[in-house]
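The next block holds one structure in the form of structure tokens; read it before the comments.
Each value in this text was obtained by applying a stated rule to the coordinates, not by laboratory testing. This is a predicted model, so every value here is computed, not measured. Cβ sites come from the backbone with ideal geometry, for glycine too, and all protein chains shown count toward neighbours.
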Amino acid sequence: MSSVKIIYDEKRITKDGLVPIWLRIIKNRKPKYISLSVKVKPSDWDIKNNRVKKSHPNSQRINNYIASKIADAEGILLDIETSAKFVTPKKVKDIVLGKSSESFIRYAEEHIERLRKEGKITTMLKYKVSLDKLKTYLNQKDITFDEMTVSFLKGYHDYLRFTLGNCLNTIHCNIKCFRKLINDAIQEEIMTIDKNPFLRFKLKTENTKRNFLTEDEIKLVEELILDPGKMIYHSRNMFIFACYTGGIRISDLLQLTWNNYDGERLLIRTQKTDSVLSILVPIKAREIIEQYITVNTQPTDFIFPFLKNHIDYSAPELLYKAISSANAFVNSHMKEIAEKLEFDKRLNFHTSRHTWATRALRKGMRIEYVSKLMCHKNLKVTQHYAQIVNEELEAAMEVFND
């Protein structure tokens, strides 16, 4: 049941002897109070009829205003009851007060600023890129939550796909940010569930080719003669280390210090997923990192020589820039190594993750363990690697057709 009532509470009397008038809306047993921005003296209020007495100089005008707000609220509630739509009390309040739907752009900008303050720089930049594309599409105009419809999303999807030439996975990443913001807005009662366009607009992804190295190719990279005095040598070492040790992301490898290593295991908190991992380091990988120990090595020193020991990286934005720069630096070295070895496949640091995953599955490691070590959010992501291994096995069976 829903109800609308005028509330004149003399307990709320102001210092100048005036009492504010409120509109109370009850829906689903939840009350919402709306200030009508009108105040009158107790002597000018007719308690029995809930209206301003004629003694007030603007009684007719105020009573008409109150009656119109009651009619608005009752009409809105009636529409809701007859249409069987779910509308929050806050939404009813906004409609009664004549408020338009909140700005989606402003809401997104506030979310981005919150991420920046929380130090979630990678996520913040992902949202900023998505929002910048939307602003360009809108020609820097605003858009409200009510305007984020299925037809709008379809048009924006086509813009990303055919005008900007984005692949489906990039589009998925961009628009997924909007889905998160809309879900947050629904939780905050800024938007109603029935207006959520993602109930009818489905995002699509496409499988991408995951480059990985065979055992022979790994050996070629390992045995490639490189000058130990050059940074390409350290890039190769870090790459091979990841191929043996859980396919650790480069962002985590760059931040590894000797405090993370006890001689047998690595204990790390991953940057992307904030997961804590204890990884037994295989002998080959131990041989790689132990060559970096010197008589002057301190527990807080970085294992791989890309970040500087004397720099304080506690500021999230400074750390992000340092990791991004090192990532680009290392990937340029891996590209150079691929050219030296005349590989016909692209080689970057992410290849080490794919390589470790396919190696682990080939060697019989359970897929749940592979998923855990790679910090995948669900097993579905890891199953892509299992599919690659299965395809290899099927191809191997073709020998019986020769």
Subject >> the chain: angle of helix 350-362 to the longest principal axis, Cα-based, in degrees nearest 10 >> reply: 70
Original post:
For segment 176-242, which trypsin sites (Lys or Arg not before Pro) are in a loop by DSSP, counting at most 14 other Cβ atoms within 10 Å?
Top reply: Arg200, Lys202, Lys204, Lys209, Lys230
**OP:** Let me know the longest stretch in the chain that avoids all GluC sites (Glu not before Pro) found in a DSSP loop with at most 10 other C-beta atoms within 10 Å.
**Re:** 1-205
**OP:** Would you compute, from DSSP H runs of 4+ residues alone, the mean residue ellipticity of the chain at 222 nm, taking -39500 (n - 2.57) per run and dividing by the full residue count, rounded to the nearest 500?
**Re:** -15500 deg cm²/dmol
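Excluding Met334 itself, calculate the net charge of residues whose Cβ lies under 12 Å from the Cβ of Met334, where each Lys or Arg counts +1 and each Asp or Glu counts -1.
Here the count lands on +3.
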**OP:** May I ask you to list the trypsin sites (Lys or Arg not before Pro) in segment 3-76 that are in a DSSP loop and have at most 13 other Cβ atoms within 10 Å of their Cβ?
**Re:** Lys15, Arg29, Lys48, Lys54
Original post:
Only one of the listed values, (i) 26, 57, 16, 1; (ii) 20, 38, 24, 14, 4, 0; (iii) 25, 53, 14, 6, 2, 0, was derived from the coordinates as P(r) over Cα pairs in 20 Å bins from 0, in percent; which label is it?
Top reply: (ii)
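Please label the shape of segment 189-260 as rounded, prolate or oblate, based on the square roots a ≥ b ≥ c of the eigenvalues of the alpha-carbon gyration tensor (a/c under 1.5 means rounded; beyond that, a/b larger than b/c means prolate, else oblate).
Verdict is prolate for segment 189-260.
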Original post:
With the calculation restricted to Cα positions, what are the radius of gyration and Dmax of segment 215-401 in angstrom?
Top reply: 17.2, 62
Subject >> Val129, Val52 arranged by Cβ crowding within 10 Å, fewest neighbours leading >> reply: Val129, Val52
Subject >> Radius of gyration and Dmax over the Cα atoms of segment 124-204, both given in Å >> reply: 12.2, 35
**OP:** Tell me which residues come under 5 Å, amide H to amide H, from Thr144 once H is placed; ignore anything under 5 positions away on its chain.
**Re:** Phe104
**OP:** Please tell me the relative contact order of the chain in percent, rounded to the nearest whole number, where contacts are Cα pairs under 8 Å and at least six residues apart.
**Re:** 11
Subject >> Backbone HN-Hα couplings from phi across segment 198-204 [Karplus 6.51/-1.76/1.60, Hz, Gly and Pro as x] >> reply: 7, 6, 10, 9, 9, 7, 10
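Normalising by the residue count of segment 104-199, find the relative contact order in percent from Cα pairs under 8 Å and 6+ residues apart. It would help to have the intermediate numbers written out before the result.
On the way: 53 pairs, mean separation 27.8, N = 96.
Rounded, it is 29 percent for segment 104-199.
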Subject >> GNM top mover of Ile225, Ile76, Ile25 - the chain, alpha-carbon springs below 10 Å >> reply: Ile225
**OP:** Collect residues whose amide H, placed 1.01 Å from N in the peptide plane, falls under 5 Å from the amide H of Val38; neighbours closer than 5 in sequence don't count.
**Re:** Ile21
Original post:
Using Cα atoms only, what is the angle between the long axis of helix 168-187 and the major principal axis of the chain, expressed in degrees (0 to 90) to the nearest 10?
Top reply: 40
